[in-house]
Amino acid sequence: TKIAKFISIVFHPTFQATFLTFILYSSVPELFRPFDDSSFPRLLLFVAVLTCLFPLMLILGLRALGTISSLNMPTRQERLMPFFFISLFYGLTVYFFSQRLAMNDMIVVMLIAVTILIFLIFLITIKFKISVHAAASWGVFGCLLSLNTQLPDSPLLYPFIGSVLLAGLVSSARLYLNAHTPKEVYYGLVLGFAVCFGILYFAF
């Protein structure tokens, strides 16, 4: 149980965009030009603030106000407002990356895919609870698989292999903790992978 909780916390969905940005820069730094080793930490901090810190502050604020019963947000109704605003945070990140930073199209499209994924999770949650952990982790796998097929000479093979192992661990941890039913995890898996892989693959 402790290991499953540790995996769920360390690979929480709010951390995934920051992890993915770091992995991609470490493997394919040319995608982030004109950012280099001296300026990339500021970019990574910017991504972490918009896609991790702000969502966490929102969730903590809603918990303090009593809008949600716990940080795990066990019911569908509790998840609707956080997911909606988190999709707005990601949309803001896309805007800055595309309009203010003139980032590589692949990175922008990847962020668009993640933003669409979060908004779809919000819409689905209106009627059905879905595993966001599974959607996020398998979404990362989908992004890396698509980029690995389109950049065959890049050293993304090992991050890609690592991502599928981690996605499997995260999904198993959520099932072990009884945080989700197998159907909820499966739907999250399919949605995360299909959206992220499909958009990146067909966009280029």
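Miscellaneous remarks
- The chymotrypsin sites (Phe, Trp or Tyr not before Pro) of segment 50-136 meeting both criteria, a DSSP state outside H, G, I, E and B (loop) and at most 15 other C-beta atoms within 10 angstrom of the site's C-beta, are 128.
- Degrees, to the nearest 10: 76-95 long Cα axis against longest axis of the chain: 10 degrees
- In degrees, nearest ten, helix 105-125 long axis to first principal axis of the chain (Cα): 10 degrees
- Counting Lys and Arg as +1 and Asp and Glu as -1 over every other residue whose Cβ lies under 10 Å from the Cβ of residue 126, the net charge comes to +3.
- For the chain, the pair-distance distribution built from all alpha carbon pairs, in bins 5 Å wide starting at 0, is 1, 8, 16, 21, 22, 16, 10, 5, 2, 0, 0 percent.
- Proximal lysines to residue 5, defined as alpha-carbon separation beneath 21 angstrom and excluding residues fewer than eight positions away on the same chain: 129, 183
- In terms of the mean number of neighbouring beta-carbon atoms within 10 Å, the peptides 6-15, 192-201, 177-186, 140-149 order highest first as 140-149, 192-201, 6-15, 177-186.
- Heavy-atom accessible surface of the chain: percent carbon and sulfur, 1.4 Å: 71 percent
- Cα-based helix-to-principal-axis angle, 132-150 vs the chain, degrees rounded to 10: 20 degrees
The values are calculated or read from the model by the stated rules, or taken from the named source; none is laboratory data. Values in this document were obtained by computation on a predicted structure and should not be read as measured data. A quick note on method: Cβ atoms are made from the backbone with ideal geometry, for glycine too, and the neighbour counts reach across all protein chains shown. With ligands, DNA and RNA removed, areas are computed over all heavy atoms of the protein, side chains included. Shrake-Rupley method; radii C 1.70, N 1.55, O 1.52, S 1.80 Å.
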